[in-house]
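Note sheet for the following structure.
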Amino acid sequence: MQSGSLPQSVPSAYFEKQFGITGETIRKLLSEALSKGGDYADLYFQHLVATHVGLEDSSVNRASKKIDLGVGIRVLVGDQTGYAFSESLELGAMLGAARTAAAIASAGAAVPPKRLEGRTIPRHYESEGVWDAVNLERVLPFLSDLDVRARERDSLVRKVILSFHGSQKRILIVDSQGRFSFDCQPMTQLQISITMKKGGEKQSGNHSLAARRDFGFYGEARIEKMLSCVTERTRNLFDAKKPPSGEMPVVLGAGSSGILLHEAIGHGLEADFNRKGTSIFAESMGKEVASPEVTVVDSGIEEGLRGSINIDDEGNPGQKTVLVEKGVLRSYLHDHLSARHYHVSPTGNGRRQSFRHAPMPRMRNTYMLPGPHTQEEIIGNVSRGLYCITFGNGAVDIGGGDYTFYVKTGFLIEDGKLTAPIKDVNLIGNGPESLRQISMVADDLQLDESSWACGKEGQFVPVSLGQPTVLVSKVTVGGVGP
Amino acid sequence: MNRDLKNLAQQTLETALSSGAHEVAVWVSKKRFISLEVRDGQLDKIQESFSSGLAFSLYVDGRSSTHHTSDLRWDSLRWLVDEAMSLTRHLDPDPCKGLADPELYRDRPANDLGIYDGGHEDLDTQTRLELAHALETGAREVTGPIISVTTNVSDSMGESYRLHSNGFEGTRRSTSYWMNASVSVQDLDGRKPMDWHMAGARVFSDLPDPISVGASATKRALARLGQVRLPSSKTAIILGNRAAGHLLEQFVGVMAGYALYRERSFLVNMQGKQVGSSHFTLCDDPLLYRGFGSRHYDRDGISARCRNLVEKGILKNYLIGVYYGRKLGRPPTSGSASNLVLPPGDKSSRELIAGVSHGLFIDKLMGGNANSTAGDFSVGIVGFEIDQGRIGRPIGEMNLSGNHKDLWHRLVAVGNDPYPYSSWRIPSLVFENVSISGT
C-alpha cells in the first residue's frame, strides 16, 4: 500500500475512523521520525476508556471515567533511544513529537517503509468492545448484593468497601519495517476490603479479582470463594501473631506465592539489566541457576489472565517463554532493543504503561511448573517453619540479587502440622540462593487471579503469577524476637 | 497558564452547569518534561514531551463523580460531560459530597513560594548533556571495580489551573530539576551491588556540583562490597535521612481522613495523645520556600496553613479533606501533606553514629509493609553495622520489624541533616532497642 486508507479488513481501521489516522499520516510520521537517520522507529497509538464505580457505607456513591488518548514515537540508533509523545492526534502535534524523537540520531535521512503490512495474531481473550461501557444496571445491584453478602457472612464485619473497574485499551503499533499490529485489550477488576471488630480490636483484609474477561468472569463460584477467603482470613487475624525472627524453612502456598519468582528471578532476567551487565544473572545463560525441581515460564497466552497479551506493546505476538528449565537458565525476557542486541527473536515482553513511556522488557504471567510432591507431604516435612498463604508487595535489588516480599497471612508449622496463625511479616532472601534452596515442589500449580501490578522505573503494567506449593529450605523472616 | 486551556476549563464548567450539575470543579494542567540518560559515556535515551490534561468533578442532586481525559477536542469533552452526567445520576446520593465551603478559600497566602525558575526555557540540550557527563566523570573519579555508570538529568515545567463553580479560582506554576547517578560494582562473590545518589531543586542554580553527586554514588556502591548478615537481635538503629521518610510514610499514611473513617488506622482516637517520644515533631508546611510540596491551596481549594501534625510526641492534627471531614464530623485540615518537616536536631549523622556503641546504620529500606489497622510493620533493610561508634561492615538481607504504636516512643535523637531532595524533609533518626532479624 502506498498511501491513503489502512486496509478495512483489519480492525486497526478504528484509529482511522475515530481519529483520522490514515496510512498517509503514518508514512509522514515515520518519515519524520527517521529524518535524522534513526535505524528503527515505531509509533504506538493508544485509546483507553476506563470506568470505575465504588461502594462505601452500603451505597454506590462514587464513580469515575478516564480517557487516555495519545501516540508515543520512538526512534532507535543502535542501543540509543529517542522518545516523545503527543496527547493530541493532530498531525502538527504528532510531527513535532516525531521530530523530537528523531534527534537521537544525527545522520542523513533513513527511508520509511514503502508498504504497510498488517499482522494476524492468535487471540487469548475476547477482544472487541467488552468494557467500552460499564452496564450500570448490572454492576450497581451486583455491588450492593456483594456488600449485603459480606456483612451477612460474619457479624464481626463493620465496614465493606468495594471497587469495580472495567476498561478497554485499543492500541495500534506501526514500525519502520512496515509492520502494523492492532489489539483491543479488555481489563476488569473487583476489589473488596473489609474491617472487622471484635471487642475493642479491629482487623482488616482485602481480596481482589482481575481478568481480561467480560462480566461473566464474576460467576457465583468465584464470588463465593472471594467472600469466604476475605472473611475467613480477616477473622484469623484476631488470633494471629507475628512469628519469631530469623532463618527458617518456609512453605509457600500455591497461587500468589509466585511473587517469589517475580522478585527472586523474574526482574533479574529482564534483558535490559543483562544487556547493561548489571543483573546478577548477566553471565548465567545456559548455567544452573536453580535446583532441578524448578522450571519457570513467563507466558502471555493464558486465556483471559490479567498478564496475557495478544501482542506486546511493540507489536510482537504474546507467547510462552521458558526462562528456567529444570534449574538451567534458558532465556531472558526481551524487548525489541535487547533482542536486537543479543541477536535473538523478541519474546513478546516489550511492554509499557502507556504511550507516555518507551517500552522495556517486562513480565506477563510468571509461574513455576508443578512438581512431584503433594502439599501435605511438603508441610509434613518441616519440623519448625512457616506456611505462607497471602502476599503483598515485593521488591528486588537486581545486582545484588536480594529480594523481599510481604506475607499478610499464614500459619506456623510445628512438627509437620499447621498450628498458630501468623501475620504481617516480611521475608527477605537472595534470589540465586533461594532458587537453589527450593527443595520440594508440589503438584498443585495455581495461577493467581488477583490484580497484581508490576512496577519498574515508575511504569506499572498488569501481570499475574502462579506457583505450586514449594518448600524453600532457608529464608530470613522479619518476625519478633529474638 | 495558556489561555486556551483556561478557556477549555471554563467552557467545561459552564457546559456541566447548563446540563444540570449543581456544582462543578474543573482543573487543567500542562507540563513540559525532558529527560536525558547517559550510560558508560554514551547518550542512551532522550525523552521529551509536552503534555496536558483536564479533569472535573460533578455534583448533581447530592451525587458526585470525577473524570479525567487527555483527549481535549471539544466534541470529545462534550461527550464526556454528557456521559459523566448520566453516570452520576445512576449513583446513590451522598450528603457529604460537594465543594468546600467558600469560607475555606479565604485568606489564601500569596507569598512567593520560589518554586518557579523563569530561566527554565533557556536551558538547552547541550547543558543537560554536559551535566550528565559531569555526573559520570564524578562517578569515575572514584576508583574501584565499576561495571557500569548510568546518569540521568531531567527537568520539568508544569502549570495548573483550578476552577470551582462556587467561587474558587487558582493557578500554580513550578519547575524542577533532577540529577541522578547510579553505579554498579563487581563483588568478589559474583554480586553486583548498585547504589545511587540523586539531587534535585526547584531552581537550576540550587543544584549541587554534579561531580560530587557522581562521586557519592560510586562511594556508596563501593561501600556495599562484602555485604554480611548479622544475627537477629534487639539493638539501636540509626535510620539515615534517605531511609527515614520511607518508614514515616507508613505512619503519616494512616493520618488520612479516609483511613480514620474506614477504621484502617492505628491512630484512630489518638488526637491529643502521646504517639511518640518528645523528639517526634512533624509539621506540614505548605509555604516552605522552594519546597517540593509548596502550594497556596490544596485539592479542595482550601487555603494553605502551616500546622503541626505531631508536637513533641503528641498527635495534634490529622490530614482531613472536605469529604472525609464531613463523614467524620470534623473540620477539614487538608486531605494531603505538602512539605513534611521534622525539625532537625543539632548533631550530624557522624556524631549520631559516634553516640551508638553497637547497632545498625540503615541507609535504605527494601520492600516491606505495615498493617495500617494494627500498626505492625516489617521491612527489608540495607546499611552498615555500627561498632564502638564507628561504621563497620555493610549489612543486608535483613529485616526491621515492630509496631508503629511503639516505635516512635523509642526515638531518642534527631540529626541535623534533613533530606533536602524531597517534599519530606526528614533528618537521620535514632531509635533504641528495636528488633532486627538476620541469621
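Throughout, read-outs are computed from the coordinates displayed, never taken from laboratory work. The structure presented is a predicted model; accordingly, all values stated were derived computationally and were not measured. Cβ atoms come from the backbone with ideal geometry, glycine included; neighbour counts cover every protein chain shown.
For the reader, a short list of remarks on this structure follows.
- Counted over all Cα-Cα pairs of chain B, pairs farther apart than 37 Å make up 35 percent.
- Within the same chain, aspartates and glutamates fewer than 8 places from B:LYS347 are excluded, and of the rest, those with a Cα less than 15 Å from its Cα are B:ASP417.
- Taking a ≥ b ≥ c as the square roots of the eigenvalues of the Cα gyration tensor, an a/c ratio of 1.5 or more together with a/b larger than b/c marks the range A:381-460 as prolate.
- About the Cα centre, charge dipole magnitude for chain A (Lys/Arg +1, Asp/Glu -1 at Cβ), debye: 700 debye
- Counting only residues at least eight positions apart within a chain, or on another chain, the aspartates and glutamates with an alpha carbon under 12 Å from that of B:LYS316 are B:ASP284.
- For q = 0.08 Å⁻¹, Debye-computed log10 I/I(0) when each Cα of the range A:13-236 counts as one equal scatterer: -0.45
- Degrees between helix B:241-253 axis and first principal axis of chain B (Cα, 0 to 90, nearest 10): 40 degrees
- Acute angle (nearest 10 degrees) that the helix B:3-18 long axis makes with the longest principal axis of chain B, alpha-carbon atoms: 50 degrees
- Highest mobility in the GNM of chain B, judged by mean-square fluctuation with C-alpha springs under 10 Å and restricted to B:ILE395, B:ILE426, B:ILE147, is found for B:ILE147.
- For chain A, the 222 nm mean residue ellipticity estimated from helices alone, with every DSSP H stretch of n ≥ 4 adding -39500 (n - 2.57) and the total spread over all residues, rounds to -5500 deg cm²/dmol.
- Cα-derived Rg to Rh of the protein assembly as shown, Kirkwood definition: 0.94
- Beta bridge orientation in the protein assembly as shown: antiparallel %, DSSP, nearest 5: 90 percent
- Value of Rg to Rh for the range A:246-478 (Rh from inverse mean 1/r over Cα pairs, i.e. Kirkwood): 0.97
- Computed over Cα pairs, the Kirkwood radius of the range B:10-62 leads via Stokes-Einstein (1.306 mPa s, 10 °C) to a diffusion coefficient of 112 µm² per second.
- When the listed pairs A:LYS202/A:LYS417; A:LYS241/B:LYS97; A:LYS198/B:LYS234; A:LYS159/B:LYS405 are checked against a 30 Å cut-off, the alpha-carbon distance exceeds it for A:LYS241/B:LYS97; A:LYS198/B:LYS234.
- Here is the size of the range A:104-181 from its Cα atoms: Rg then Dmax, 23.7, 73 Å.
- The mean sequence distance of close C-alpha pairs (under 8 Å, at least 6 residues apart), as a share of the length of the range A:246-478, puts its relative contact order at 31 percent.
- Aspartates and glutamates with Cα under 15 Å of A:LYS408, excluding same-chain neighbours fewer than 8 positions away: A:GLU232, A:ASP239, A:ASP424, B:ASP376
- Relative contact order %, chain A, counting alpha carbon pairs below 8 Å whose residues are six or more apart: 15 percent
- As a ratio to 2.2 N^0.38 Å, the alpha-carbon radius of gyration for chain A is 1.05.
- Each other residue within a Cβ distance under 10 Å of B:LEU365 adds +1 if Lys or Arg and -1 if Asp or Glu, for a net charge of 0.
- Å³ per residue enclosed by the Cα convex hull of the range B:319-428: 135 Å³
- When every Cα-Cα distance of the range B:120-223 is counted in 10 angstrom steps from zero, the calculated P(r) takes the values 15, 37, 22, 14, 8, 4, 1 percent.
- Longest exposed-site-free window of chain A, the sites being trypsin sites (Lys or Arg not before Pro) in a DSSP loop that have at most 15 other C-beta atoms within 10 Å: A:124-286
- Using the rule -39500 (n - 2.57) for each DSSP H run of four or more residues, divided by the residues of chain B, the 222 nm mean residue ellipticity is -7000 deg cm²/dmol.
- Counting every alpha-carbon pair across the range A:224-363, the share separated by more than 23 Å comes to 46%.
- Crossing angle, helix A:23-33 versus chain A [Cα axis fit, 0-90 degrees, rounded to tens]: 80 degrees
- Over the range B:285-333, the Kirkwood radius and the radius of gyration, each from Cα atoms, give a ratio Rg/Rh of 1.01.
- The range B:174-240: C-alpha gyration tensor shape, a/c 1.5 cut-off, then a/b vs b/c: oblate
- Under the Debye formula (equal points on every Cα, no solvent term), log10 I(q)/I(0) of the range A:342-482 at q = 0.09, 0.10, 0.15, 0.21 Å⁻¹: -0.34, -0.41, -0.88, -1.50
- The range A:246-478: antiparallel DSSP beta bridges as a percent of all, rounded to 5: 85 percent
- Of B:PHE280, B:PHE50, B:PHE384, the one that fluctuates the most in a GNM where chain B has Cα springs shorter than 10 Å: B:PHE50
- For the range B:233-437, the alpha carbon positions stretch 52, 36, 27 Å along the principal axes, listed from largest to smallest.
- Applying a threshold of 25 Å to the alpha-carbon distances of A:LYS456/B:LYS192; A:LYS28/A:LYS456; A:LYS66/B:LYS31 flags A:LYS28/A:LYS456 as lying beyond it.
- Three principal axis extents describe the C-alpha atoms of the range B:73-166; from largest down they are 66, 35, 29 Å.
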